[in-house]
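Down below is the structure, laid out as C-alpha cells.
The values are calculated or read from the model by the stated rules, or taken from the named source; none is laboratory data. Model, not experiment: these values are computed from the prediction. Cβ coordinates were reconstructed from backbone atoms using ideal geometry, including for glycine residues, and neighbour counts include every protein chain displayed. Just the protein is used for accessible areas: all its heavy atoms, side chains included, with ligands, DNA and RNA removed. Shrake-Rupley method; radii C 1.70, N 1.55, O 1.52, S 1.80 Å.
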Amino acid sequence: MPPTTAPQDQDEAPAGADALLDALQHQVALFARRAEQTRLGGVGQARNSMDRAAYLLLNRLDQDGPTGVKALATGMGIDSSTVTRQVAPLVESGLVKRTSHPDDGRAVVLRLSPRGISRLEQVRASRRELMALLTQEWSEDERTTFCELLTRFNQALSELQATHS
C-alpha cells in the first residue's frame, strides 16, 4: 500500500521552498566559515593583514569623516565600549587619530590619519583584486545583481538585529 500524505497545511511553505531555504542557509553558513577562515583578506602583500573589525572601522571613518565614538558605534550597530576597545590598537599603530571635537573640546573625535588612509587603500586594493579573481567568470550584470542581493541580505540582518536589541 503506498504511503499516504497529509494535505499540506496552508501556513506551511511548500517542500521546494523549504529545500531552497535549507540550501540558502547552508550556503550562508559555508560563506561565513570560509570568509572567517580566509578573512577574505585579499591577494598579494596586503592579504590577511587587517582584521575585519579594523577594516570596518577604518572604512566607516573614511566614509563618515571625523566621528565620535558614540556616533561611530551607533552607525556600525555595535556597543560604544566595543568601538573603544577596537579603536585602541588602531590609535596605537597610528592609523587613527584622537582629536578634540571642534565644538566641544571635552568630546573626542576619531579620524583617519594619513597613514590610516594609505593603509586602508592598500587593503581595499587587495580585496578588490580578490573580488575580481573570485568573480572573473561572472558578467558585470551578475556581479551587480550579487552585490545588490548581498546588500539587501545584510540590511535585513541589520534590521533584524536592531529589532532584537
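Identify all residues within region 100-118 that are surrounded by 12 or more Cβ atoms within 10 Å (Cβ to Cβ) and in a strand (DSSP E or B); write none if there are none.
Val108, Val109, Leu110, Arg111, Leu112, listed by residue number.
One line per residue, one yes/no per condition, for (1) farther than 20 Å from Leu133 by Cα; (2) modelled with pLDDT under 85:
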{"residue": "His26", "(1), (2)": "yes, no"}
{"residue": "Leu30", "(1), (2)": "no, no"}
{"residue": "Gln37", "(1), (2)": "no, yes"}
{"residue": "Leu61", "(1), (2)": "yes, no"}
{"residue": "Asp64", "(1), (2)": "yes, no"}
{"residue": "Thr74", "(1), (2)": "yes, no"}
{"residue": "Ile78", "(1), (2)": "yes, no"}
{"residue": "Val83", "(1), (2)": "yes, no"}
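Report the residue count in region 140-165 for those that are assigned to a helix (DSSP H, G or I) and loosely packed, with under 10 Cβ neighbours inside 10 Å.
4
Identify all residues within region 88-99 that are more than 18 Å from Asp51 (Cβ to Cβ) and either in contact (Cβ under 8 Å) with a residue 24 or more places away in the chain or assigned to a helix (DSSP H, G or I) (or both); write none if there are none.
Within region 88-99, Thr99 is the sole residue that qualifies.
What's the total number of residues in region 52-87 that are surrounded by fewer than 12 Cβ atoms within 10 Å (Cβ to Cβ), in contact with a strand residue (DSSP E or B) (Cβ under 9 Å, 6 or more places away or on another chain) and part of a helix (DSSP H, G or I)?
Total meeting the criteria: 0.
Is it true that Gly16 is exposed (fewer than 10 other Cβ atoms within 10 Å of the Cβ) and at pLDDT 65 or above?
yes
Could you run through region 119-139 and say how many residues are open to solvent by less than 90 Å² (accessible area, probe 1.4 Å), in a helix (DSSP H, G or I) and among the polar types (S, T, N, Q)?
Count: 1.
Could you figure out which of (1) at pLDDT 95 or above; (2) hydrophobic (A, V, I, L, M, F, W, C); (3) more than 22 Å from the chain's Cα centre (by Cα) isn't true of Leu149?
(3)
Do any residues in region 114-130 that are in contact (Cβ under 8 Å) with a residue 40 or more places away in the chain and among the hydroxyl-bearing types (Ser, Thr, Tyr) have Cβ atoms under 8 Å from those of residues that are part of a helix (DSSP H, G or I) and surrounded by 15 or more Cβ atoms within 10 Å (Cβ to Cβ), where the two are at least six apart or on different chains, and which pairs are they?
Ser126/Ala46
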